[in-house]
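Q: I have a structure I would like to understand better, so I am pasting it below and will then ask my questions one at a time.
The values are calculated or read from the model by the stated rules, or taken from the named source; none is laboratory data. This is a predicted model, so every value here is computed, not measured. Positions of Cβ are generated from backbone atoms using ideal geometry, with glycine treated the same way; all protein chains shown enter the neighbour counts. Accessible surface is based on the protein model in full, side chains and every heavy atom, while ligands, DNA and RNA are left aside. Shrake-Rupley method; radii C 1.70, N 1.55, O 1.52, S 1.80 Å.
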Amino acid sequence: MARRLLASLLVLYTAAVGGCDRDSSSSSSPPTGSAESVTGRERVGWIQGSVSAGDMMVLQFAAYVDGSRRVLEGTSCSPSSGDSFSCSAPLPPMTAGRHTLEIASFFNSDSGVVESPRSPGIQLMVSSIVAQLSPPTSSDGTFAASDGQELRTDVLAGDLVDPADAAVDAGGRVFVVEQRGTLRIVDPDSTGTDAAPIEPLFGGRDEGARALSIALAPDFARSGLLYTLSAQPTANGARLFVTRFRELRGRLGEAAVVVSSEVPGLGEPDGTLRFGPDGAMYVAVGSPDGDSGQILRFLADGRIPAENPGGSPVYWSIDSMPAGIDWRPGDVSLWTIETSRTVERFGVRRRGEAAGSAIAARQPGAANDSPRVPRGTRASGLAIVNAPASPFDGDAIVSSLGLADLLRFDGSRADPPAGDPVRLLQGRFGAIGGVTTTSSDDIYFFTRNNETWDAGRDVLVRLRGVK
């Protein structure tokens, strides 16, 4: 069968509009400099040749958009002339602009994925990005990632309002903080969700304040302590608040502001709060439209650690916004995913290094094994999987607003991951607002699709790899 997979694929570069194919008799790409104009809602067609009906049943198809692989969903094939089949599938998600599209067939064998050569490339000019128009209505689903890995998703909540961050306790409850200042406690084993107001989050200073992040104390199972990060604009920048709460049976009490810190020059702020392997509390802040950011370090009670440089809470200053932070198991080096108007990259920051060492996204001529953060990612979060039972163990998962995806980077090395990322969701849930993991094999993410789904319709989703 591997030989039959080498059969040529004839891509019909005139896509089907409204579900009706408009065939083309040419198997070559459009003339140089020209491109087929599409909206992104069409289907693309091709001929799969020299394959039996039995073998056709196990074939799957992948699309390469500008070299990035995505498994095609919704493929339909019917017998054509001889031993060939006429196939079509919805175009994969693409941003507006010019793209090169190639098709390949593949199947999963005991030794891994066996894939045919790619078809001749076709040029497409996408007139507009077509996002999912409504949130998922199904509570579960199974599909394949761009590398063929089978995945399952379960929608745990479907009525979130501007979710900002999420954390998961050992019992599987998900704590979702919303920008407006409410905490949603989602119990997958319950028939509904609880909404607990957290007005003390802003300490009475709620004018213009926004909740940004949440973290559970390392000993949360015993102490019930959780921490939230919020920001309030000031004349010179923004003031950050870290508020500590004690959670008991889905309600919050004993609120205390442990950090109140002015950050000059910070515009519309965004930030992430996490506890490091050293037990310290790390606050990564910046502005999506700015070219600078900071990583602050505190003790859990809000005091500045004695080993911080210069007695300042600022542990590192960087030239981009840290959109997410996390640590590899057994490693005290801090990983960041950073974004700005000009760069998207991973960074590694080691204790004792004043500036850390930033590992930039690959540029022309760079080493082949350097990490490739795709252009237009607009990272919104980072989580490193620490779950031996998971097929993603050790990998870095980056949530993306711009690519509407979760990007899986190979984390087998000690420094930031190498190679191109695997696209896990491939646009199925729209823009992804954040991601978090647990010690089990589950990954949790939430969407950020106010502009396309309307307010109050974002979703919290649990994802796991199917072995």
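Q: Determine by what factor the alpha-carbon radius of gyration of the range 249-311 differs from 2.2 N^0.38 Å, reporting the quotient.
A: Here the answer is 1.29, to two decimals.
Q: Then there is this: What is the extension gain from Ser439 to Asp454, computed as 0.36 nm multiplied by their sequence separation minus the C-alpha to C-alpha distance, in nm to one decimal?
A: Length gained between Ser439 and Asp454: 2.1 nm.
Q: Could you give me D for the range 204-246, from Stokes-Einstein at 37 °C and 0.692 mPa s, where the hydrodynamic radius is the Kirkwood radius over C-alpha pairs? Units µm² s⁻¹, please.
A: 290 µm²/s
Q: Of the listed peptides 164-170, 338-344, 259-265, what is their order by residue-averaged count of other C-beta atoms within 10 Å, with the highest listed first?
A: Sorting 164-170, 338-344, 259-265 by mean packing, highest first, produces 164-170, 338-344, 259-265.
Q: Here's another thing I want to ask about it. Not counting ligands, DNA or RNA, and with a 1.4 Å probe, what is Ser317's accessible surface area in Å² rounded to the nearest 10?
A: That residue has around 70 Å² of solvent-accessible surface.
Q: Calculate I(q)/I(0) for the range 381-467 by the Debye formula, one identical point scatterer on each C-alpha and no solvent, and give its log10 at q = 0.18, 0.20, 0.26 Å⁻¹ to two decimals.
A: After summing over all Cα pairs, the log10 values are -0.73, -0.88, -1.32.
Q: To continue, here is another question. Please report, as a whole percent, how much of the solvent-accessible surface of the range 47-121 comes from carbon and sulfur atoms (probe radius 1.4 Å).
A: Percent of accessible area from carbon and sulfur atoms in the range 47-121: 52.
Q: 5 Å is the cut-off here: which amide hydrogens, built 1.01 Å from N in the peptide plane, fall below it relative to Ala164, excluding neighbours closer than 5 in sequence?
A: Excluding prolines and chain starts, which carry no amide H, the hits are Val177, Glu178, Gln179.
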